[in-house]
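J.: Please read through the structure below; I'll follow up with questions.
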Amino acid sequence: MDSSFQEALRASDFDAIRRFPKSDLHNHVVGGGNPAWVSMKTNVRIDPLQRKLTSMAEMHAWAEEHLGHLNSPDNRLLLIEAAFVQAASDGVTRLEGGEDIWAPRFYKFPAAALTERLKQIHSRVAPDIEWIPQLGMSRHCLFRDLDRWIRPFLELGFYRTIDLSGNEFAQPIEKFKPIYRLAKEHGLGLKAHAGEWGDADSVRRAVEELELDEVQHGIAAAESPAVMRFLADSRIRLNVCPTSNVMLSRAESLASHPIRKLYDAGIKVTINTDDMLMFGQSVSDEFLNIYRAGCLTADELEQVCRNGLSDD
Ligand SMILES: [Zn+2]
């Protein structure tokens, strides 16, 4: 990447930003599609969130109201396709995400068949994108179910990372230790959502208990110099989603977004979309948004962009 990425930011040249290689390492895929594309394919208009929400309950209510009609196996696959379409159109060259491990029960086909469908979507829609297939889990699920559901996926030897999302307060993080050990034994990279709704200490605890390589969000760490130092020293990457944080009232504004403090503390951060269907901002939008808000400079954003293009 040459310095014209910086020039593109300074000129607010969206198309030029779009042409640069970028990563999206925090993308829930089923919620990661382009709203206009999904509206066109389903003949039901989906408008991204127009007002700030303040709780996960509100977020789930929004999703139910606006996306509830898409709750079928075929539509879910369409939504996944929409995420690959979106990533390709935005110049994303490295996309991490996948399905939740409970999903075979919903589709009524097993882990191997589901994985084949996902591979087909990737190779048909966005073969040039490096897809990092991820296994998702929800924080409210019981260990015995997770353990049962994840094994057929692990046996495939295809997935590269694991993530845990959902209500951060549903169960203590320690409950997930055995699942993370199992995933580690299978060579998967370890990620989890932490510090979106929880506090700085919860980020540190998640990293220590689960031996995480990366944290999804992790922005609450900015409240604690000690936790930021710990993350920087441990070389833990935080995959941050600025607009999501603002729209869910986790950050007051883009201008004052904690990514500034995290960056200054020497933590490796990336910029990502979370759920584009809900938040309506692509990776290119997010870079431009953060630049225009004066939160990070063009020079810093180029470094942030590079942070996501490899795992070193
Ligand atoms: Zn997320």
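J.: Is it true that GLU214 is at pLDDT 95 or above, within 17 Å of the chain's Cα centre (by Cα) and either under 30 Å from ARG144 (Cα atoms) or surrounded by 20 or more Cβ atoms within 10 Å (Cβ to Cβ) (or both)? Even if it seems obvious, please write down each step before you answer.
T.: Details: at pLDDT 95 or above: yes; within 17 Å of the chain's Cα centre (by Cα): yes; either under 30 Å from ARG144 (Cα atoms) or surrounded by 20 or more Cβ atoms within 10 Å (Cβ to Cβ) (or both): yes.
Yes; evaluated as a whole, the condition is true for this residue.
J.: Which residue out of SER253, SER244 is modelled with pLDDT of 95 or more, small (Gly, Ala, Ser) and within 16 Å of the ligand (Cβ to nearest atom)?
T.: Numbers: SER253 fails: within 16 Å of the ligand (Cβ to nearest atom).
Only one candidate passes the filter, namely SER244.
J.: I've got another one for you. Could you say which residue among ALA206, ALA194, ALA200, ALA226 is among the hydrophobic types (A, V, I, L, M, F, W, C) and either surrounded by fewer than 18 Cβ atoms within 10 Å (Cβ to Cβ) or free of Cβ contacts under 8 Å to residues at least 12 places away in the same chain (or both)? Spell out the reasoning first.
T.: Working: ALA206 fails: either surrounded by fewer than 18 Cβ atoms within 10 Å (Cβ to Cβ) or free of Cβ contacts under 8 Å to residues at least 12 places away in the same chain (or both); ALA194 fails: either surrounded by fewer than 18 Cβ atoms within 10 Å (Cβ to Cβ) or free of Cβ contacts under 8 Å to residues at least 12 places away in the same chain (or both); ALA200 fails: either surrounded by fewer than 18 Cβ atoms within 10 Å (Cβ to Cβ) or free of Cβ contacts under 8 Å to residues at least 12 places away in the same chain (or both).
The unique qualifying residue is ALA226.
J.: All but one of (1) crowded, with 24+ Cβ neighbours inside 10 Å; (2) out of contact with any strand residue (DSSP E or B) (no Cβ under 6 Å at 6 or more places or on another chain) hold for LEU288, so report the exception by its number.
T.: With (1) crowded, with 24+ Cβ neighbours inside 10 Å; (2) out of contact with any strand residue (DSSP E or B) (no Cβ under 6 Å at 6 or more places or on another chain) applied to LEU288, the lone miss is (1).
J.: Further, regarding this structure: Considering only helices (runs of 4 or more DSSP H) fully contained in the stretch 1-78, which possess at least 3 residues that are within 16 Å of the ligand (Cβ to nearest atom)?
T.: Working: elements: 4-10, 14-19, 35-42, 56-67.
Helices (runs of 4 or more DSSP H) meeting the threshold: 56-67.
J.: Let me ask something additional. Tell me the residue from GLU286, GLU302, GLU252 that is more than 17 Å from ALA194 (Cα to Cα), without any contact (Cβ under 8 Å) to a residue 12 or more places away in the chain and acidic (Asp, Glu), please. So that I can check it myself, show each step before the final result.
T.: Numbers: GLU286 fails: without any contact (Cβ under 8 Å) to a residue 12 or more places away in the chain; GLU302 fails: without any contact (Cβ under 8 Å) to a residue 12 or more places away in the chain.
Step by step, each of GLU286, GLU302, GLU252 is checked, and only GLU252 is more than 17 Å from ALA194 (Cα to Cα), without any contact (Cβ under 8 Å) to a residue 12 or more places away in the chain and acidic (Asp, Glu).
Every residue, every condition in (1) modelled with pLDDT of 95 or more; (2) within 19 Å of LEU277 (Cβ to Cβ); (3) charged (D, E, K, R), yes or no:
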{"site": "PHE109", "(1), (2), (3)": "no, no, no"}
{"site": "ASP147", "(1), (2), (3)": "yes, no, yes"}
{"site": "ILE150", "(1), (2), (3)": "yes, no, no"}
{"site": "ILE162", "(1), (2), (3)": "yes, no, no"}
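J.: Moving on to the next point. Across the stretch 137-150, which residue is surrounded by the fewest Cβ atoms within 10 Å (Cβ to Cβ) among those that are in contact (Cβ under 8 Å) with a residue 12 or more places away in the chain and more than 14 Å from ALA103 (Cβ to Cβ)?
T.: Only one residue fits best here, namely HIS140.
J.: To continue, here is another question. Determine whether GLY97 is surrounded by 14 or more Cβ atoms within 10 Å (Cβ to Cβ), part of a strand (DSSP E or B) and at positive phi.
T.: Values: surrounded by 14 or more Cβ atoms within 10 Å (Cβ to Cβ): yes; part of a strand (DSSP E or B): yes; at positive phi: yes.
So GLY97 fits the description; yes.
The rows are residues; the columns are (1) away from the ligand (no atom under 16 Å from the Cβ); (2) basic (Lys, Arg); (3) more than 24 Å from GLU208 (Cβ to Cβ); (4) more than 19 Å from the chain's Cα centre (by Cα).
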| position | (1), (2), (3), (4) |
| --- | --- |
| GLU116 | yes, no, yes, yes |
| GLN120 | yes, no, yes, yes |
| ASP128 | yes, no, yes, yes |
| GLN134 | no, no, no, no |
| LEU146 | yes, no, no, yes |
| TRP149 | yes, no, yes, yes |
| PRO152 | yes, no, yes, yes |
| GLY157 | yes, no, yes, yes |
| GLN171 | yes, no, no, yes |
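J.: Just to be sure before I move on: is GLU302 surrounded by fewer than 16 Cβ atoms within 10 Å (Cβ to Cβ) and part of a helix (DSSP H, G or I) in the structure I sent?
T.: When the stated conditions are applied, GLU302 does not pass them.
J.: Within the bounds of the stretch 29-42, is there any residue that is of a type outside the set (A, V, I, L, M, F, W, C), touching a residue at least 12 places away in the same chain (Cβ under 8 Å), surrounded by fewer than 18 Cβ atoms within 10 Å (Cβ to Cβ) and in contact with a Gly (Cβ under 6 Å, 6 or more places away or on another chain)?
T.: no
J.: Could you pull out the residue among ILE80, ILE101 that is β-branched (Val, Ile, Thr) and under 14 Å from GLY31 (Cα atoms)? Even if it seems obvious, please write down each step before you answer.
T.: Details: ILE101 fails: under 14 Å from GLY31 (Cα atoms).
ILE80 is the lone residue from the list that is β-branched (Val, Ile, Thr) and under 14 Å from GLY31 (Cα atoms).
The values are calculated or read from the model by the stated rules, or taken from the named source; none is laboratory data. Everything numeric here is computed off the predicted structure, so don't read it as measured data. FYI the Cβ positions are ideal-geometry reconstructions off the backbone, even for glycines, and counts take in every protein chain you see.
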